[in-house]
Every structure is written in structure tokens, then in C-alpha cells.
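Have a look at the structure below, then the notes.
Read-outs: derived from the displayed coordinates by stated rules, not from any lab. Quantities reported herein were computed from a predicted structural model and do not represent experimental measurements. Positions of Cβ are generated from backbone atoms using ideal geometry, with glycine treated the same way; all protein chains shown enter the neighbour counts.
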Amino acid sequence: MTGQDLDAALADFRRCVNERDHSTAERVLDEHFALVLVQPTPVEMPRDRWLDTLEDYVVHSWEVEEQRVDVDGDVAAVLQRVRMRATVLGQDRSGVFVISDIWRRRGDEWRVWRRHSTPLSAGVMPGGG
């Protein structure tokens, strides 16, 4: 496995969110994936619920302002500051977010296991409870 494999997996995850690509999401998400928020309210959205919500997560713009990738063997941590304009379940979810993705190598593929998302300037995550 090379860094290019992780780069491709990161690009696939970004694309599946931005394009609401369910089949790519199913491939790139670990079977135990969860979206976890602690701010503004604690929420844990398991993989199945996240996949169900994907169609109603409309990203109008997505700009990675800063990104750091750390790899140690079969684990990678990706920390990003992202500015996005989005509508989730019909509600505005725009703002600047600090996002941490934890990736695990499963066999020959990288899969995202956790996404921790903290809005710096957005409201409550609709439909997350």
C-alpha cells in the first residue's frame, strides 16, 4: 500500500459526499463507520443512518482550507478545516467545520471508520438524533 492508495480513498470519500454517491460510500465506509459530533450537541450517527441521509445532504460548495494527514501502519488520521455551503434534510448546514477522519486499512483497502465533525460557525445537525 502506498500513500497514493490513501489519497485515492480520501478523494472517493470526498466525492461520495459531494455527489451523494451511495455506491462509493458503501465501498469506502468501514462496516462500523459513524459520524460523531460533540458540538453543538452530542450525536452519533451510525453507518446505515448516514447512508440513508446521504441523498438529503446537498453540498453546494466544499473548500478544504487546511489538511493534515498522519499515517501509522494500518491507521490514518486526517484533520481538516473545511468551509462548506450545504443543505441537510432541507436545513442550512453551512459554515466552517473541523473534521477528523479516522481511517483503517482493511485488507488492501482504506476505509473510513469515524468522522468527527465540529462546526465552528454552523447550527445543530438536522436529523442526527
- Message: Based on this model, can you work out whether ARG68 counts as within 17 Å of ALA11 (Cα to Cα) and among the basic types (Lys, Arg)?
- Response: yes
- Message: When the residues of region 28-56 are narrowed to those that are without any contact (Cβ under 8 Å) to a residue 40 or more places away in the chain and in contact with an Asp or Glu (Cβ under 9 Å, 6 or more places away or on another chain), which ends up farthest from GLY90 (Cα to Cα)?
- Response: ARG47
- Item | Long-range neighbours under 6 Å by Cβ, at least six apart or interchain, first residue free of Cβ contacts under 8 Å to residues at least 60 places away in the same chain within region 68-79, second small (Gly, Ala, Ser) and in a strand (DSSP E or B) | ASP70/ALA77; LEU79/SER100
- Task: Give region 80-113 a look and list any residue that's under 16 Å from ALA11 (Cα atoms) and touching a residue at least 40 places away in the same chain (Cβ under 8 Å), or say none.
- Result: ASP101, TRP103, ARG104, ARG105, GLU109, TRP110, ARG111, VAL112, TRP113
- Task: All but one of (1) out of contact with any Ser or Thr (no Cβ under 7 Å at 6 or more places or on another chain); (2) within 25 Å of PRO126 (Cβ to Cβ); (3) basic (Lys, Arg); (4) assigned to a strand (DSSP E or B) hold for ARG49, so report the exception by its number.
- Result: (4)
- Task: Evaluate region 56-79: report whether one residue or more is of a type in the set (S, T, N, Q) and not in a strand (DSSP E or B).
- Result: no
- Message: Going through ASP5, ASP12 one at a time, which residue ends up being surrounded by 14 or more Cβ atoms within 10 Å (Cβ to Cβ) and acidic (Asp, Glu)?
- Response: ASP12
- Query: Does region 1-54 hold any residues that are within 14 Å of ARG115 (Cβ to Cβ) and of a type in the set (Val, Ile, Thr), and which are they?
  - Reply: VAL17, VAL28, VAL36, VAL38, VAL43, THR53
